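Take a look at the structure below.
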């Protein structure tokens, strides 16, 4: 990961850097969600992915609001972690020829992404709290809650589909 030390001299700079990275992550996820929705066979999974894509679009708007308030501009720093997770998702989808196995792979991939986001948003929210950015911290909390809810819903769907995938083996 390329961090230029001279540009990250304090917590505020790190906070802005991480917000820009999260914006990139959310934009990448919104695009990748289209393929994930299309490839899902299970209707509940498809609907869950569609709903979360719509939430992701709201996450982008929230991050843009936070960045405008904090920095006066919206700028991206490519999130290499999400890029790699999306590439891994694409590989798993290509390798999964059975619909039920593909759906289980989609859930596993989506949850990896959700867990990354929850961790990244948690750190950035704490930065916002320390920096006195209470409005941003509230918006970030809302996003964390939505990411956590998506993870829980995916877990519930996985409970049902994992057993079917086991039978497919």
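The values are calculated or read from the model by the stated rules, or taken from the named source; none is laboratory data. Worth saying up front: this structure is predicted, and the values here are computed from it rather than measured. In this analysis, Cβ positions are derived from the backbone assuming ideal geometry, glycine residues included, and neighbour counts consider all displayed protein chains.
Among 105, 119, 109, 71, which is the only one that is in contact with a helix residue (DSSP H, G or I) (Cβ under 7 Å, 6 or more places away or on another chain) and closer than 17 Å to residue 14 by Cα?
Numbers: 105 fails: closer than 17 Å to residue 14 by Cα; 119 fails: in contact with a helix residue (DSSP H, G or I) (Cβ under 7 Å, 6 or more places away or on another chain); 109 fails: closer than 17 Å to residue 14 by Cα.
So the residue among 105, 119, 109, 71 that is in contact with a helix residue (DSSP H, G or I) (Cβ under 7 Å, 6 or more places away or on another chain) and closer than 17 Å to residue 14 by Cα is 71.
Residue by residue, here is whether (1) touching a residue at least 24 places away in the same chain (Cβ under 8 Å); (2) touching a strand residue (DSSP E or B) at 6+ places or on another chain (Cβ under 7 Å); (3) more than 30 Å from residue 168 (Cβ to Cβ) holds:
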| residue | (1), (2), (3) |
| --- | --- |
| 72 | no, no, yes |
| 77 | yes, no, yes |
| 84 | no, no, no |
| 91 | no, no, no |
| 109 | yes, no, no |
| 115 | yes, no, no |
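Here residue 76 clears all of (1) over 19 Å from residue 123 (Cβ atoms); (2) modelled with pLDDT under 95 except the condition numbered (1).
To keep it simple, each residue is scored yes or no on (1) modelled with pLDDT of 95 or more; (2) surrounded by fewer than 15 Cβ atoms within 10 Å (Cβ to Cβ); (3) in contact with a strand residue (DSSP E or B) (Cβ under 6 Å, 6 or more places away or on another chain); (4) over 30 Å from residue 96 (Cβ atoms).
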position: 5; (1), (2), (3), (4): no, yes, no, yes
position: 11; (1), (2), (3), (4): yes, yes, no, yes
position: 22; (1), (2), (3), (4): yes, no, no, no
position: 32; (1), (2), (3), (4): yes, no, no, no
position: 37; (1), (2), (3), (4): yes, no, no, no
